[in-house]
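A.B. asks: Quick one: this structure, given as structure tokens, is what I'll be asking you about.
The values are calculated or read from the model by the stated rules, or taken from the named source; none is laboratory data. Predicted model, so just to flag it, every value in this text is computed and none were measured. Glycine gets a Cβ as well: all are built from the backbone with ideal geometry, and neighbour counts include every protein chain shown.
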Amino acid sequence: MQCGYRGWIIDATPDFSLGKYFAHARLVRASSDDQVDVEMHIERDLSYFDTEDEAIEVAQQWAFAWVCERGGSVDSMQGETLTSRSGVPVETPSG
């Protein structure tokens, strides 16, 4: 499950093993400039869950908080939308 948030592409697709869904967050900084080095962060084994939806929700919420703690800002995107930069739909944190 991928979504865009404040200039980052978040992949919260969980791994499935031993009858459980393991929440992971993979973040890549969206950039329309091919000359810029790609910034990436991967957080593994956030927790495990009985359902895929629970694992995705936890991974996304962790990723949203991680981006916010580092000052990820829509203002820094110079007027472009996440969808125009990355092709991935924009989602916002719930709650």
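A.B. asks: Is there any pair linking a residue in region 42-54 that is of a type in the set (Val, Ile, Thr) to one that is in a strand (DSSP E or B), with Cβ under 6 Å and at least six apart or on different chains, and which?
C.D. replies: Qualifying pairs under 6 Å: Ile42/Arg26.
A.B. asks: Give the residues of region 1-18 that are farther than 11 Å from Ala59 by Cα, outside any strand (DSSP E or B) and in contact (Cβ under 8 Å) with a residue 24 or more places away in the chain, sorted by residue number.
C.D. replies: Result: Arg6, Gly7.
A.B. asks: Could you run through region 4-35 and say how many residues are surrounded by 15 or more Cβ atoms within 10 Å (Cβ to Cβ), among the small types (Gly, Ala, Ser) and at pLDDT 90 or above?
C.D. replies: 3
A.B. asks: Quick check on my filter: what residues within region 38-95 are among the basic types (Lys, Arg), at pLDDT 75 or above and out of contact with any strand residue (DSSP E or B) (no Cβ under 7 Å at 6 or more places or on another chain)?
C.D. replies: Across region 38-95, the qualifying residue is only Arg70.
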